[in-house]
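Engineer: Quick one: structure below, then a few questions.
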Amino acid sequence: MPKMPSERKEEQYLKEREEFFKALPKLNRRQFLKVAMASAAVALAKNQFPPHSFQLVEAVEAKQGGGTEVKFRFAYISDTHLYERKLNERFVRAALKAVQDVNALDPQPDFVLFGGDLAQLGQPEELKLGKEILSEVKAKIYMMVGEHDWYLDLGEKWIELFGQQYYSFDHKGVHFIVLNSVIVDDYWTEAKMTPMERMKFMAQLDNPKGRPFTVGKGYGDVGRKQFEWLKQDLAKVSKDTPVVVFSHSPLYKYYKPWNFWTDDAEEVQALLRPFKNVTVIHGHTHQPVFNKIGNINFYGMLSTAWPWPYAPTGLPKLTIKMNRADPFDQFDGTGDGTVEILANGKANKIYNLWSREPMKVTARYLESGGREEVPPLPVDPSF
Amino acid sequence: MKRKIALFSLIFLAGIFLSGKNDSSAIDGKGDKKSEKKVITACDGETQVVLNDVSKDEVMSREKAQEVAGMLLATYQQQKKYQSTKFTRRDSLIWERELKAMIEEGYKWFHDPSLGTNGISCDMCHPDAADNHPETYPKFQIQLKRIALLRDMINWCIENPMEGKPLKEDDPRMKAMEAYIIWARANQDPRPHAKILNPGKR
């Protein structure tokens, strides 16, 4: 059978892509620029094709001085949404892939953050499977909770397996805070829900009756206690110390119908305002999304399980959408990543998209209002 | 009886138009009296034209047949216009209710992992049916190497990410999901390209 014209084009594109990657190793800066331009051209020519942008990202920080040299790196894995292995192998494969990635990093990251939603329905078998998979990570791992881990038993099993739901630590002069940002009002007692009903209600992202996440409010006194703790924790930190906050939900308001949202975001941001350098790294949104509000830079993490569509409204202006995900490739639009902490206390974020070139978003990009160090623009953004 | 005969005639007439052939045996009144006038009824079984200048058994020329078809269509359209004002508020409430029921059925399946085998449901990757782009179908799906309809991609996602069995094209679950996807795009996405969809509009 003769080939369709589009098939021929695709083949040619794949060939060009392969040659391009073969030419990559050991480039000096001039050669880098040359190849980068070629890659942009290929990416442009590729316009007729769906997904996969592979524009080259300069991996080595060229500009030195101004404190922009990298002081240390940590990696993250997030939103693995594991079911029991016998029900779903797919998400297990993805989680293992992330562990492999992180273990292959050379040099090794100082530590690994797990960004929440380890389990899909908070079941002990899911959480235990997650623990087993993550135990393969060579570097030290810090755990954070997501709503999928929490609402079957309100955190009982998770705390038993992983310890505190919120805590802080210091590393090489940076103060790190890990929050439980998925606390909501009690919707289950009055409705007489079973634990599994409560879990499934929470697990549905587009639940029209869903309740907004908070850090310092919600059922019982979990949130209120956490907020008090956060105030006291921050009181001990000097205002010049760089602060990095990990939260599962974005600590700002992006899109309420999908709970891409923290209802008391302004109150948390107010606690962080006096500090010179603040970076928030969050999970939950399963997509490259970044924002800047006042002194705070925000970066969303990728999921290993699936990418989420960009919400129809509310996307932060500074966010550059990734290309549409290719549904024919399980690993497109998903991945893991690293964060570079710079000598000046700022943080850059590298999205390690599995089926594409990595995407680097720098603090400089955010702080220049999106004018400098602009990441590659998508050729096929979602709509 | 008369009406039935006229209806037959019309079906024959339509045959001519579709085939573009002037088949002289096609228009062939079957009445017993030769002088009777020819009556032609449209496919709705109601709209009629009575031809004073053509007798029941007479075979019309292609030109004449075309003229008659034109008259029939004009009469039909006029009647329809009149009828559309005859629908009551109650009628439209019934239609709305029916549509709502189908959309709700679709919503249910869209959120149901039982279409697959690995616990996953559509809404997990497509909250509010986002990124389904129903307004872009039919289109050439490069990876399938053929033109796909919305239902083809629904089935593709059932078979692949959800590791389930594809639905038959006329499966009520498939129809209901299509209804929900179109409705959701039109009603929950404020961006202009979603507004070209108008589910439920008469």
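The values are calculated or read from the model by the stated rules, or taken from the named source; none is laboratory data. Owing to the predicted nature of the structure, the values given are computational and were not obtained by experimental measurement. Here the Cβ is made from the backbone with ideal geometry for all residues, glycine too, and neighbour counts use every protein chain on show. Keep in mind that these areas ignore ligands, DNA and RNA; they rest on the heavy atoms of the full protein, side chains included. Shrake-Rupley method; radii C 1.70, N 1.55, O 1.52, S 1.80 Å.
Engineer: Does segment A:145-154 contain at least one residue that is within 30 Å of A:Lys276 (Cβ to Cβ) and not aromatic (Phe, Trp, Tyr)?
Structural biologist: Yes - at least one qualifying residue is present in segment A:145-154.
Engineer: Looking only at residues in segment A:155-204 that are among the hydrophobic types (A, V, I, L, M, F, W, C) and touching a His at 6+ places or on another chain (Cβ under 9 Å), which one is farthest from the other protein chains (Cβ to nearest Cβ)?
Structural biologist: A:Phe169
Engineer: Oh, and also: Please go through segment B:150-179 and give me each residue that is outside any helix (DSSP H, G or I), hydrophobic (A, V, I, L, M, F, W, C) and within 14 Å of chain A (Cβ to nearest Cβ), ordered by number.
Structural biologist: B:Met162
Engineer: Quick one: what pairs do we get from segment B:98-117, first residue basic (Lys, Arg), second open to solvent by less than 40 Å² (accessible area, probe 1.4 Å) and modelled with pLDDT of 95 or more, C-beta under 9 Å, 6+ apart or different chains?
Structural biologist: The qualifying pairs are B:Lys108/B:Ala176; B:Lys108/B:Tyr180.
Engineer: Are any of the residues in segment B:108-118 assigned to a helix (DSSP H, G or I) and aromatic (Phe, Trp, Tyr)?
Structural biologist: yes
Engineer: Could you tell me whether any residue of segment B:47-58 is more than 14 Å from chain A (Cβ to nearest Cβ), modelled with pLDDT under 90, within 31 Å of the chain's Cα centre (by Cα) and in a loop (DSSP other than H, G, I, E, B)?
Structural biologist: Looking through segment B:47-58, at least one residue is more than 14 Å from chain A (Cβ to nearest Cβ), modelled with pLDDT under 90, within 31 Å of the chain's Cα centre (by Cα) and in a loop (DSSP other than H, G, I, E, B).
Engineer: Considering only segment A:55-167, give the helices (runs of 4 or more DSSP H) lying wholly within it that have at least 3 residues that are without any contact (Cβ under 8 Å) to a residue 12 or more places away in the chain, open to solvent by 10 Å² or more (accessible area, probe 1.4 Å) and farther than 14 Å from A:Ala305 by Cβ.
Structural biologist: A:156-162
Engineer: Answer yes if at least one residue in segment A:294-301 is on the phi > 0 side of the Ramachandran plot and open to solvent by less than 10 Å² (accessible area, probe 1.4 Å), and no otherwise.
Structural biologist: No, that holds for no residue.
Engineer: Residues in segment A:205-220: is at least one in the same structural domain as A:Phe260 (by TED's automatic domain parsing), crowded, with 21+ Cβ neighbours inside 10 Å and over 20 Å from A:Lys253 (Cα atoms)?
Structural biologist: No: segment A:205-220 contains no residue that is in the same structural domain as A:Phe260 (by TED's automatic domain parsing), crowded, with 21+ Cβ neighbours inside 10 Å and over 20 Å from A:Lys253 (Cα atoms).
Engineer: Identify the residue in segment A:348-358 that is in contact with a Pro (Cβ under 9 Å, 6 or more places away or on another chain) and surrounded by fewer than 24 Cβ atoms within 10 Å (Cβ to Cβ) and, among all such residues, is farthest from the other protein chains (Cβ to nearest Cβ).
Structural biologist: A:Ile350
Engineer: For segment B:126-148, how many residues are at the interface with chain A (Cβ under 10 Å from one of its Cβ atoms) and not in a helix (DSSP H, G or I)?
Structural biologist: Residues that pass the stated criteria total 12.
Engineer: Right, another one. Scan segment A:83-128 for residues that are in contact with a strand residue (DSSP E or B) (Cβ under 8 Å, 6 or more places away or on another chain), more than 24 Å from A:Val339 (Cα to Cα) and more than 14 Å from every other protein chain (Cβ to nearest Cβ) and report the count.
Structural biologist: Of the residues in that region, 1 qualify.
Engineer: Has segment B:113-125 got at least one residue that is within 12 Å of another protein chain (Cβ to nearest Cβ) and either aromatic (Phe, Trp, Tyr) or within 19 Å of the chain's Cα centre (by Cα) (or both)?
Structural biologist: No: segment B:113-125 contains no residue that is within 12 Å of another protein chain (Cβ to nearest Cβ) and either aromatic (Phe, Trp, Tyr) or within 19 Å of the chain's Cα centre (by Cα) (or both).
Engineer: Taking segment A:266-315, which residues are under 15 Å from A:Tyr254 (Cβ atoms) and among the charged types (D, E, K, R)?
Structural biologist: A:Glu266, A:Lys292 - these are the residues of segment A:266-315 that are under 15 Å from A:Tyr254 (Cβ atoms) and among the charged types (D, E, K, R).
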